[in-house]
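Report on one structure; see the data block that follows.
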Amino acid sequence: MTTRTAMRRLTGTAAAGAAALLALSACSSSSSGSSQASDSGKPSGSSSAGASSAPAKLSGTVTVFAAASLKESFTTLGEDFQKAYPGTKVVFNFGGSDTLAASITGGAPADVFAAASPKTMKIVTDAGDGSGTPTTFVRNQLEIATLPGNPDHIATLKDLTKSGLKVALCAKTVPCGAAAQTALTASSLKLTPVSYEQDVKSALTKVELKEVDASVVYRTDVKAAGGKVAGVDFPESAEAINSYPIVALKNAPNSAAATAFIALVQSAEGQKVLGEAGFLKP
């Protein structure tokens, strides 16, 4: 092999690598719910197609900090991601968005942040810890969770103010708590709960354990609980719908995998999983 021939092969390899990185960037900038074409022209609605529009090889751990209400759907997407990219591992930290944001700005190592409100996302971006512009990938609406069978006959938000009724709410600094306060204000209602919980799953658990009679959570959480609770819709929830933004983090230890995971969340496949969990389209 001549020196000139070897140089041509090395140049070709470098070009292929650059093309793979460009394909990943294009995938990450796709709009929510849309599908991207792979090199073969097939949409990325499936895991295999999604993999073809990203680098040929991803490896290592991708750490995702995500709002507690995303637990079930993101766990499913994490499993899909690992199947699409053998050699990767998705590790989640679920919790209240405000607590997660504080951890990130405090230096906790993470690759992706998915928040339950733009306000909590702003904590991270204002600190300069985001990479790029956050994108809204779903929305979520509140619902009243009651004991199975709704023995207290709760039908409206006002019913939660009944004397003797024990109610749990998310803390006011948590997106589900802020949304509940917005709904209460819109109804000119004042509610003093028996407890303020640090995330929506904790508020829901209070009902599941029969420690309270009801709590205000997201529809997705009521659906995920199955028969453990009953759900009651209330019209004021339309005034307090939360948008969920997602962003890769500036100091992500695995930035390539972070971009690919966000692409999966935004893909047709990801949106289907989230929609089946009860989330609204962005």
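Computed from the coordinates by the stated procedures, all read-outs in this text should not be read as laboratory data. Not measured: the values here are computed from a predicted model. Methodologically, a virtual Cβ is constructed for each residue, glycine included, from the backbone with ideal geometry; neighbour enumeration extends over all protein chains shown.
The table below gives the values:
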read-out: Of 190/281; 210/281; 162/228; 89/172, those spanning more than 26 Å from alpha-carbon to alpha-carbon; value: 190/281; 210/281; 89/172
read-out: Reach of residue 83 by Cα under 21 Å, taken over lysines that are not fewer than 8 positions away in the same chain; value: 42, 57, 71, 272
read-out: Three semi-axes of the equivalent ellipsoid, segment 152-258, Cα gyration tensor, whole Å, largest first; value: 29, 16, 13
read-out: Cα-based reach from residue 166 at 20 Å (exclusive), listing aspartates and glutamates while leaving out same-chain residues under 8 positions away; value: 143, 152, 197, 199, 208, 211, 213, 221, 233
read-out: Percent of alpha-carbon pairs separated by more than 12 Å within segment 121-163; value: 73 percent
read-out: P(r) histogram, all alpha-carbon pairs of segment 135-201 included - 5 Å bins from 0, percent; value: 3, 15, 26, 27, 18, 7, 3, 1, 0
read-out: Per-peptide average of other Cβ atoms within 10 Å, ordering 74-87, 155-168 highest first; value: 74-87, 155-168
